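The values are calculated or read from the model by the stated rules, or taken from the named source; none is laboratory data. Small disclaimer: the values here were computed from a predicted structure and weren't measured. All Cβ positions, glycine included, derive from the backbone under ideal geometry; neighbour counts span all protein chains shown. Note: accessible area is taken over every heavy atom of the protein model, side chains too, but ligands, DNA and RNA are not part of it. Shrake-Rupley method; radii C 1.70, N 1.55, O 1.52, S 1.80 Å.
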Amino acid sequence: MLIQIPDLLTREDVAKVRALIGRAQWTDGRITAGPQSAMTKNNMQVPETDPQGTEASRIVLAALHRNPTFISAALPHHIFTPLFNRYSGGESFGAHVDNAIRSDPRTGTRLRTDLSATIFLEDPDKYDGGELVVADTYGEHRVKLRKGHMVLYPAHSLHHVVPVTRGARLGCFFWTQSMIRDDAKRALLFDMDRSIRQLSAETPGGDATVTLTSCYHNLVRMWSEVCTCRRALRHRANGRTSRRRRGAPSG
């Protein structure tokens, strides 16, 4: 399931994010690549520990949490702290599949990468190339969106970024561990949720709406994998391993 989410970031959000990462200390993008991906990855990236990148990440996370389409499509359990990259001067990223498990150094969370996401931070007419190409059983999908728009797709998909031959492609990327591991089940729930919203608008409180909503939540209850606590990967100053609580599934 490949989903485009328009205007995830407002123009003001994009301007703030770009101003922040513009002051960041960029480095080789291979710092977050696995051994196989590192052989084909050629771009620049804001380090995970850069304070400007951290502040920009907060803006993106706030936008994600208030976007109903992202919540409905991803059913997020954990969201990797967003990162930022730049392609220019012929840089590209060859065909690869994202690592199955990621450790987020800023939150101490280890997560399973069910979904990958790219938010475009530059309009497509400002650069040549740079398309995100995602392959699935139906062929290849080429994605190049306006700034502020996001694409969400299964992390197990083979994908690559076409070389940028003019200008610069700025982007934000991250991974999500969903409460629903299986992509087909997530797709079904996403379609159900959209139908519920439509029915609720057309016939508020109708019997069909109530029944379908009950089915939706019971399927989430049946299929979801939610750990109520997590063990951080790094120790706090007192030497204890931190634990955090997660909320109940949203729907």
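Can you give the translational diffusion coefficient of segment 112-178 in µm²/s, computed by Stokes-Einstein from the Kirkwood radius over Cα pairs at 25 °C and 0.890 mPa s? For these conditions, the coefficient is 199 µm²/s.
Kindly provide the chymotrypsin sites (Phe, Trp or Tyr not before Pro) of segment 46-150 that DSSP labels as loop, not H, G, I, E or B, and whose Cβ sees at most 16 other Cβ atoms within 10 Å.
Those that pass, being in a loop and sparsely packed, are TYR138.
Projecting label points 7 angstrom from Cα along Cα→Cβ for GLN4 and MET39 puts them 3.4 nm apart. Between ARG194 and SER103, the modelled labels are 3.9 nm apart [label points 7 Å from Cα along Cα→Cβ].
The distance between label points at ASP123 and ARG58 comes to 3.0 nm (points 7 Å beyond Cα on the Cα→Cβ vector).
Would you give the gap between the C-alpha center of segment 169-220 and the C-alpha center of segment 4-46, rounded to a whole Å? Cα centroid to Cα centroid, the span is 29 Å. GNM remark for the chain: springs join alpha carbons under 10 Å apart, and the peak mean-square fluctuation among LEU145, LEU219, LEU170 falls on LEU219. Orientation-averaged projection of segment 31-81 equals 4.8 nm² [convex hull of Cα atoms, one quarter of hull surface area]. The residues of the chain have, on average, 50 Å² of accessible surface per residue, using a 1.4 Å probe with all protein chains present. When you work out D = kT/(6 pi eta Rh) for the chain at 4 °C and 1.567 mPa s, using the Kirkwood radius from C-alpha pairs as Rh and the Stokes-Einstein form, the result is 67 µm²/s. With q set to 0.12, 0.16 Å⁻¹, the log10 of I(q)/I(0) for segment 1-139, from the Debye formula over equal scatterers at the Cα positions, is -0.51, -0.99.
Computed over segment 53-124, the convex hull of the alpha-carbon atoms projects to a mean area of 6.2 nm². Compared with the direct C-alpha span, the chain from THR27 to ARG146 gains 40.3 nm at full extension, assuming 0.36 nm per residue. Once backbone amide H atoms are built at 1.01 Å from N, THR113 has ILE101, ARG102 as its partners under 5 Å, excluding neighbours fewer than 5 places away on the same chain.
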